[in-house]
Amino acid sequence: MRGIGRNAVRVLVVALVAIVVAAPGFAPRASAQPGAYTGLVIVVRTIHLDRSISPAVLTPAGEVVYGRGWWKPGQLNDDFAEHYGIVEYALSPESASRVGPRPLVVFAIGVSGPVLSNFKTDVVVSDEDALRIRDANTRRRFLQQMRVAFVNQPMARRLTY
């Protein structure tokens, strides 16, 4: 680097960063975005989702992102969970009251259910969305506060006749 000055190296680094940030499909991590998310809304489309008092949010590999078995001992507010459930079921993202004014909104890629159950109570999110959820939760800890809503919008409900 003898022939290249420090200013030239700085300009090159800034130019490379600008190219990466402007690349199509680039999305900054949730924690890098201004403000913090106040909750989580998961929209389930074209798939039926059964309601449950203890659903889970899973990755495609079955890893728990939120829900059944996610809390550490003493971390769950049992009274709140028993009375209201660990998620709110809302008709639309806008009508979800538990998630606050600026929720992170992601879309389910499928539904699943507990072993030996015929009910589909768990939502499956992509690995990328699971990472976004975990990353956003580090700032406000909305998962620990049960600020989560599922919005079930099956195809039949969206059709207009």
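A short reminder: the numbers here are calculations on the coordinates, not readings from a lab. Bear in mind that the values here come from a model prediction, so they are computed numbers and not experimental data. Cβ sites come from the backbone with ideal geometry, for glycine too, and all protein chains shown count toward neighbours.
Computed quantities for the displayed model
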item: Extended-chain gain in nm, criterion 0.36 nm per residue less alpha-carbon gap, Asp78 and Arg45; result: 8.9 nm
item: Rg to Rh, two decimals, where region 33-158 supplies the alpha carbon set and Rh follows Kirkwood; result: 0.93
item: Exposure proxy order (Cβ contacts within 10 Å, fewest to most) of Ile47, Ile53, Ile42; result: Ile53, Ile47, Ile42
item: Region 102-154 versus region 65-85: alpha-carbon centroid distance in Å; result: 14 Å
item: Calculated FRET efficiency for the pair Ala61/Thr138, C-beta based, R₀ 22 Å, to 0.05; result: 0.55
item: Long-range amide H partners of Val43 with built H, under 5 Å; result: Val106, Phe107, Ala108, Val151
item: Likely footprinting exposure, Leu131, Leu91, fewest C-beta neighbours within 10 Å first; result: Leu91, Leu131
item: Around Val111: net Lys/Arg minus Asp/Glu count, Cβ-Cβ under 9 Å; result: -1
